[in-house]
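The structure under discussion appears below in the form of structure tokens.
Please treat every number below as a calculation from the coordinates, not as lab data. Given the structure is predicted, the values throughout are model-derived calculations rather than measurements. Using ideal geometry, Cβ is built from the backbone for each residue, glycine included, and neighbour counts are taken over all protein chains shown.
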Ligand SMILES: Cc1cc2nc3c(=O)[nH]c(=O)nc-3n(C[C@H](O)[C@H](O)[C@H](O)COP(=O)(O)O)c2cc1C
């Protein structure tokens, strides 16, 4: 069992990574259904939370069936972080996660996200401010360091643990790498093997098959893995990894019916939660991933991204399912 404060996770838990504009409640619901052990919201700006920005507040929406769930915040100002921790605390997630990994310029420029990797004392102060402002467990998600020459994750991990964080997720890239190249897990392994480190260490970066998850588990000894991009349009990755780790066998892939049904459920949940206009619009980014690899889908995909009517969309998906079943 892996423990984060009072949260009890099964051995080798699979975490759904926080992903901006992706990890919203409709997406999280399908990942939970398929076995994600813990999930996070997309990152929420502390400035936005304090200004009461609607978009930031909406991201605080969490549901009981999602538990355990963490709300992720980012910011570069101590007072704003402390205040936001109190706001988040009031919504009662299971934990608060701090983002020190976002490589995007507009975030980094404000000394937030991965920008903070260049100023460890400030990172420690921000973290302390959050830890002191909440009774919830505080966790951190970060990268190996700013650039190749400054991969300071070993020091960062020790110092973050010393100020009270209760788990650390490490994406095996530097900020400068953005999402390029292959994630390097050897430093994640070093952090995990550091005798001083007592908190759970979750590895992140490029896990996209059950084989890789098991290989990395054995090779790098992490307490669990966090999965991002591979779950987009393929939430079955969670159940497939679970089964493979347990039995060494590959689970049969989802049927065409299952794939289209989950896509349909994702769409209807999206409309329920965001309203018709936004729900339909924001679902458009998911169709290509759900339909990846299926034959003769181009025409349907075009229709799906061009319709703004739920009934029509449901009909297109139903027709697509029938057409696919005839191909089998
Ligand atoms: C579209 C997208 C949005 C992301 N948004 C966030 C975010 O809000 N917070 C965060 O900590 N990381 C964010 N990330 C990084 C992921 O959580 C993860 O660290 C990264 O994708 C590597 O994992 P993967 O190879 O399993 O995708 C985002 C990644 C993607 C692709």
key: Cα coordinate range in segment 256-327, projected on the principal axes (Å, largest first)   = 34, 21, 20
query = Where does helix 276-291 land angle-wise versus the long Cα axis of the chain, in degrees 0 to 90, nearest 10?
reply = 80 degrees
message = Over the chain, with a Gaussian network built from C-alpha contacts below 10 Å, which listed residue (195, 72, 211) shows the highest mean-square fluctuation?
response = 195
Alpha-carbon centroid distance for the pair segment 290-318 / segment 204-235, whole angstrom = 29 Å
ask   = For segment 66-150, what ratio Rg/Rh do Cα atoms give with a Kirkwood hydrodynamic radius?
value = 0.98
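How many percent of all Cα-Cα pairs in segment 112-191 sit more than 18 Å apart?
Summing the P(r) tail past 18 Å for segment 112-191 gives 37 percent.
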request  = May I ask you to compute the full-extension gain from residue 63 to residue 208, defined as 0.36 nm times their residue separation minus their alpha-carbon distance, rounded to one decimal in nm?
outcome  = 49.5 nm
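Taking the number of other C-beta atoms within 10 Å as the exposure measure, put 131, 2 in order starting with the fewest.
Starting with the residue having the fewest Cβ neighbours, the order is 2, 131.
What is the order of 243, 148, 286, fewest Cβ neighbours within 10 Å to most?
148, 243, 286
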ask   = So which residue, out of 186, 142, 264, gets the largest mean-square fluctuation from a GNM of the chain using Cα contacts under 10 Å as springs?
value = 186
Gained length - residue 252 relative to residue 21, 0.36 nm times residue gap less alpha-carbon distance = 80.2 nm
message = Angle check, please: helix 120-132 long axis (alpha carbons) against the longest principal axis of the chain (alpha carbons), in degrees 0 to 90, nearest 10.
response = 80 degrees
query = For segment 256-327, what relative contact order do you get, as a whole percent, if you take Cα pairs closer than 8 Å and at least 6 residues apart?
reply = 36 percent
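For segment 67-117, calculate the relative contact order in percent as a whole number, restricting contacts to Cα pairs under 8 Å that are 6 or more residues apart.
40 percent
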inquiry  = To check my understanding: the extent here is largest minus smallest coordinate of the Cα atoms along each principal axis. What are those three numbers for the chain, in Å, largest first?
reply    = 60, 47, 36
message = With a cut-off of 8 Å between alpha carbons and a minimum separation of six or more residues, what is the relative contact order of the chain in percent?
response = 15 percent
query = Any idea what angle helix 256-274 forms with the longest principal axis of the chain, computed on alpha-carbon atoms, 0 to 90 degrees, nearest 10?
reply = 60 degrees
remark   = Here the FRET efficiency for residue 327 versus residue 54, based on Cβ atoms and R0 = 51 Å and rounded to 0.05, is 0.70
query = How high is the FRET efficiency between residue 118 and residue 296 when r is their beta carbon distance and R₀ equals 56 Å, given to the nearest 0.05?
reply = 0.65
inquiry  = Let me check the size of segment 214-267 from its C-alpha atoms; what are the radius of gyration and Dmax in Å?
reply    = 13.1, 38
